[in-house]
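Asker: First the structure, which I've put down as structure tokens, then a few questions once you've had a look.
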Amino acid sequence: YKNDISSTVSKVPELLAAVDDVVHENYPDWEVVWYGHIGDGNLHLNILKPDNLQIEEFKVRCSDVSTAIFDAIKTLGGSVSAEHGVGILKAPYLGYSKSDSEIDAMRAIKAIFDPDGILNPGKVFSIG
């Protein structure tokens, strides 16, 4: 499991602890590995699959734990994405870190620069 999340620098320690708590409350045998450039608030979260868990089941459980992780991020005013962007997988979760008006503004900007919806189609916003 790999995830790219962010927070204000002052809240990084709190976010690390909150995400660790969420993961370990749900799956105490999972190993959480953090790396990246924590000094600027961008966090790379990795969760290692336990040897005794089939990959298909691990993916299902990761999907479940993502929602809880994004809830913790929202509470702390962080973002479900950092420098790697929102993309396809996180598009449904954008509301955890952006308001409806911010998302509307993002759609409007996309429409100005990509009125035909040909740039990176279907990644976050569809035009039309």
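Asker: From the list Ile5, Ile69, which one is crowded, with 17+ Cβ neighbours inside 10 Å, in contact (Cβ under 8 Å) with a residue 60 or more places away in the chain and not in a helix (DSSP H, G or I)?
Answerer: Checking each option against the conditions leaves just Ile5.
Asker: Something else: Do we have Glu56 as of a type outside the set (Gly, Ala, Ser) and part of a helix (DSSP H, G or I) here?
Answerer: Values: of a type outside the set (Gly, Ala, Ser): yes; part of a helix (DSSP H, G or I): yes.
Criteria met by Glu56.
Asker: Next question. Checking Gly78 against (1) at negative phi; (2) surrounded by fewer than 18 Cβ atoms within 10 Å (Cβ to Cβ); (3) within 11 Å of the chain's Cα centre (by Cα), which single condition isn't satisfied?
Answerer: With (1) at negative phi; (2) surrounded by fewer than 18 Cβ atoms within 10 Å (Cβ to Cβ); (3) within 11 Å of the chain's Cα centre (by Cα) applied to Gly78, the lone miss is (2).
Asker: Oh, and also: Condition first: in contact with a strand residue (DSSP E or B) (Cβ under 8 Å, 6 or more places away or on another chain), more than 20 Å from Lys98 (Cβ to Cβ) and assigned to a loop (DSSP other than H, G, I, E, B). Now tell me which residues in region 28-49 satisfy that.
Answerer: Listed by number, the list holds a single entry, Trp30.
Asker: Since Ala82 meets every condition but one in (1) closer than 23 Å to Ala17 by Cβ; (2) part of a helix (DSSP H, G or I); (3) touching a Gly at 6+ places or on another chain (Cβ under 8 Å), which condition does it not meet?
Answerer: Failing condition for Ala82: (2).
Asker: Restricting attention to region 87-103, does a residue exist that is under 25 Å from Leu119 (Cβ atoms), surrounded by fewer than 12 Cβ atoms within 10 Å (Cβ to Cβ), in contact (Cβ under 8 Å) with a residue 24 or more places away in the chain and not small (Gly, Ala, Ser)?
Answerer: Yes, the conditions are met somewhere in region 87-103.
Asker: So, one more: Applying the selection to region 108-119, what residues are surrounded by 13 or more Cβ atoms within 10 Å (Cβ to Cβ) and within 16 Å of Gly85 (Cβ to Cβ)?
Answerer: If the condition is that a residue be surrounded by 13 or more Cβ atoms within 10 Å (Cβ to Cβ) and within 16 Å of Gly85 (Cβ to Cβ), then Lys110, Asp114 are the ones that fit.
Computed from the coordinates by the stated procedures, all read-outs in this text should not be read as laboratory data. Treat the numbers as computed from the prediction; the structure is a model and nothing was measured. So basically every Cβ, Gly included, is an ideal-geometry build from the backbone, and we count neighbours across all protein chains shown.
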